[in-house]
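Chemist: This structure is in structure tokens; I'll ask about it shortly.
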Amino acid sequence: MKKVYFLGGLGADKRAFSVLDLSFCDPVFVDWIKPVPRESLSHYATRLRRQIPEDHPIVVGVSFGGMLACEMAKADPLMKVIIIASNKSANEFPFYLRLGKYFPVYRWLPDKLIKSGRSLNWMLGVKDKAQRKLLSDIVADIDPAFLKWAIDAILHWREKNAPVNVTHIHGTADKLLPFRYVKADYKIQGGTHLVSINKPQEISSLLKKLI
């Protein structure tokens, strides 16, 4: 059985994959490490890569984790990387998110507001009570300092070229990273930014096929 390394979204842990059927592989959920001040996405990905002992691993990244996986893929062309609800390069961001680097209001948001899951329900495409509960639990455990650093690192991501060893899965109803801005290899009809949670059967089957 193949060992597969999973990287979650912003502040998210293995709960982001909790509703997937991963019985076809040996899943390893990589924990976040503490960033250093003003650390770039590329530099953080290099340090996080040290948590993965294999030379040319299979890595699945969701959202923020997908961007980090792309940085790892760029450094190691023999890696097999699958990203879900993510971007392969900074070119796939919608223009209004790019403006965030010039107007970094997120740096001054109070921690209480950052940890308020209610404001995320619409943006992330939460579909039902169980998904709201799961998102609420994940958000409650987020370190606000980590979240602010990650947002800053994402908005200042300079990578323009998509690695060739990356397979991209994206939902057509993603509001945070709209489908029309990315070049996905596989589309999940009606999938939101939480496509791994609200379309688990489709994602599980596709991952089994690709891995």
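The values are calculated or read from the model by the stated rules, or taken from the named source; none is laboratory data. Not measured: the values here are computed from a predicted model. Heads up, the Cβs are rebuilt from the backbone with ideal geometry, glycines too, and the neighbour counts pull from every protein chain shown.
Chemist: Could you please let me know if ASN91 is outside any loop (DSSP other than H, G, I, E, B), among the polar types (S, T, N, Q) and under 26 Å from GLY191 (Cα atoms)?
Modeler: Values: outside any loop (DSSP other than H, G, I, E, B): yes; among the polar types (S, T, N, Q): yes; under 26 Å from GLY191 (Cα atoms): yes.
Yes, satisfied.
Chemist: Kindly indicate the residue of the stretch 172-211 that is without any contact (Cβ under 8 Å) to a residue 60 or more places away in the chain and in a helix (DSSP H, G or I) and also farthest from ILE83 (Cα to Cα) among those meeting that condition.
Modeler: Residue satisfying both the conditions and the ranking: ARG180.
Chemist: Still on this structure, please answer the following. Identify all residues within the stretch 144-171 that are assigned to a helix (DSSP H, G or I) and charged (D, E, K, R); write none if there are none.
Modeler: Initially, the stretch 144-171 is screened for residues assigned to a helix (DSSP H, G or I), giving 144-155.
Of everything in the stretch 144-171, those that are assigned to a helix (DSSP H, G or I) and charged (D, E, K, R) turn out to be LYS148, ASP152.
Chemist: Would you mind telling me which numbered condition in (1) within 16 Å of the chain's Cα centre (by Cα); (2) crowded, with 17+ Cβ neighbours inside 10 Å; (3) in a loop (DSSP other than H, G, I, E, B) PHE6 fails?
Modeler: (3)
Chemist: Could you pull out the residue among ARG47, ARG15 that is under 26 Å from ASN161 (Cα atoms), surrounded by fewer than 17 Cβ atoms within 10 Å (Cβ to Cβ) and either charged (D, E, K, R) or touching a residue at least 60 places away in the same chain (Cβ under 8 Å) (or both)? Don't jump to the end; show me each part of the working.
Modeler: Numbers: ARG15 fails: under 26 Å from ASN161 (Cα atoms).
Testing whether each residue is under 26 Å from ASN161 (Cα atoms), surrounded by fewer than 17 Cβ atoms within 10 Å (Cβ to Cβ) and either charged (D, E, K, R) or touching a residue at least 60 places away in the same chain (Cβ under 8 Å) (or both) leaves just ARG47.
Chemist: Evaluate the stretch 58-68: report whether one residue or more is part of a loop (DSSP other than H, G, I, E, B), of a type outside the set (Phe, Trp, Tyr) and at pLDDT 95 or above.
Modeler: First pass over the stretch 58-68, keeping only residues part of a loop (DSSP other than H, G, I, E, B): 63.
Add one more test, that the residue is of a type outside the set (Phe, Trp, Tyr), and what stays is 63.
If we keep only those that are at pLDDT 95 or above as well, we get none.
Within the stretch 58-68, none of the residues are part of a loop (DSSP other than H, G, I, E, B), of a type outside the set (Phe, Trp, Tyr) and at pLDDT 95 or above.
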